[in-house]
Structure formats: C-alpha cells, structure tokens
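Comments concern the structure below.
Throughout, read-outs are computed from the coordinates displayed, never taken from laboratory work. Computed from a prediction, not measured in an experiment: that's the story for all the values here. Counting neighbours? That spans all protein chains shown, and the Cβs are built from the backbone with ideal geometry, glycine included.
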Amino acid sequence: MAAILELTGVCAHYGRIQALRDVSLHVDEGEIVTIIGANGAGKSTTLMTICGIVMASAGDVRYMGESIRDTRADLLPERGLCQVPEGRRIFPRLTVRENLDMGAFFRRDVDEIEADLGMVFRLFPVLFERRKQHGGTLSGGEQQMLAIARALMSRPKMLLLDEPSLGLSPMISQHIFRIIKNVNEERGMTILLVEQNANIALRLADRAYVLETGTVVMEDSAERMRENTDIKKAYLGQ
Ligand SMILES: Nc1ncnc2c1ncn2[C@@H]1O[C@H](COP(=O)(O)OP(=O)(O)OP(=O)(O)O)[C@@H](O)[C@H]1O
Ligand SMILES: [Mg+2]
C-alpha cells in the first residue's frame, strides 16, 4: 500500500536541545499508526514537525508524495491533513457551532458542510445539545470531543491526534476511541495517534513506533508489539 505520510531522517531542535534524532516513519493509506513513548520522548514534537509548527532541522516530511517540510501549518487542512493538538485548543469565546464552522473555513461545498455537521452531531450528540454554548464553558471531555469534531469538519484524509484521552474518564475515552475507529473504518480516514495509554493505542492501531529520547527504537505491528516482553514491562504495566 502507498504511504500517505513519510518522514525520513527528521531532526528537530528547540534552541540547542535536540528533540528528534533521525526519525523515519511512514503511515500507509487507511492505517491507524500509533507512536508510543515516555513523557518527553518527542511524540508531540513529531506531530508538530509534520504540521510545520516546529521546523525540521534535517530530513524530509512527505505527504501524498510531496514534501511539506516548508509548507505553512495553516495550509495543510485544505490539503486533507489535520491535527488535533495536545490540550485541545478550541476557541473558548466562540460557540460550539462556530467552533465547528471554523473547522470547515476553507470549504465552499455548502451542502456537504451541512451533511458533515449532521455527521459530527450524530457522533457527538452532546455537542448538538450544547451547540449554542461557548466552547470555554464545556467540560474537559466535551472540549476534547469538540476539538476532534472540528477536525472532522475539515473532512481530512489524514488525522493527527495528540493524546486524545488525556485527562478524560474511561467512559469518555472509550467513546472517543470508538469514534476514531469508526472514522477510520467507515470513512477510510488515515490516523496517526499519539497516546499515553499504550494499552488502548496498541489495541486500536495496525502498527506502532516506539520513541525514546527522540529516536525511533522499535517499529512493528501493534499485535506483535502487544506480545513483546520489553514493551509489556515498559509501556503496558504488565
Ligand atoms: N517549546 C519547547 N522548548 C524547549 N524544549 C521543548 C519544547 N517543547 C518540547 N521540548 C522538549 O523536547 C522534548 C520532547 O518533547 P515532546 O513534547 O515532544 O515530548 P512528548 O513525547 O510529547 O511528551 P509528553 O508525553 O509529556 O507529552 C522534551 O525533552 C521537551 O522538554
Ligand atoms: Mg506530548
């Protein structure tokens, strides 16, 4: 299968601190791929480098066969690449409905936007109930749902998710993971998932990468990774 996203030899720095060292990874069309790793391993930096929020100091990032290393972050959603960053970042002073409209800001297909709005309200009924409420007054879990729903409103080919379950109750986390699986299976959306809960991530994903201090130290199918003794000890609490 063709890679929709490919990183080759990517390095990234914050000042003199090197956060990524020669990271190579790929995500094929239709896959769910997860990156697991300890706090500070460079997972968020990897996603931000893909999106052009952090500039790669070496290496290349290719999306659908073209380098996006020098592409501005705000131009990527209309090319079908959308990130849900760590910590949600919804617009607190806009209503739920306005937040969702922002996700579709570059689209002109009004009828399709309306259909997608119906779709996200079906996936997240609570957002329909709260559609007139300001984003900032939503609970943490609701804000996370809104962040994901807003990303879906851009009708992405590929979704980058940074810790979607952070700080959420097990029940809301499960709801969010079901939706991730659902948009992958029903809409063919390709997903790169960073997740603190490696148990869940490895059950959801097709393949996985392990990142340690900015370096990819392992790459395998999620199934084999779940059975790996070192992974069990280090990341699955077994
Ligand atoms: N803005 C920044 N300035 C300086 N150093 C940074 C900055 N952001 C991240 N770092 C450093 O880069 C490294 C990688 O951080 P990153 O946020 O990518 O880790 P992470 O794997 O996402 O961790 P977590 O699981 O805690 O979210 C860390 O050592 C971190 O301290
Ligand atoms: Mg992070």
Using Cα positions and a limit of under 27 Å, work out the lysines in reach of LYS157, with same-chain residues fewer than 8 apart set aside.
LYS43, LYS181
Filtered GluC sites (Glu not before Pro), segment 6-107: DSSP coil and at most 15 other beta carbons within 10 Å:
GLU29
How large is the Rg to Rh ratio of the chain when both quantities use alpha carbon positions and Rh follows Kirkwood?
0.96
Sum -39500 (n - 2.57) across every DSSP H segment of at least 4 residues in the chain, then divide by the residue count to get the 222 nm mean residue ellipticity, nearest 500.
-10500 deg cm²/dmol
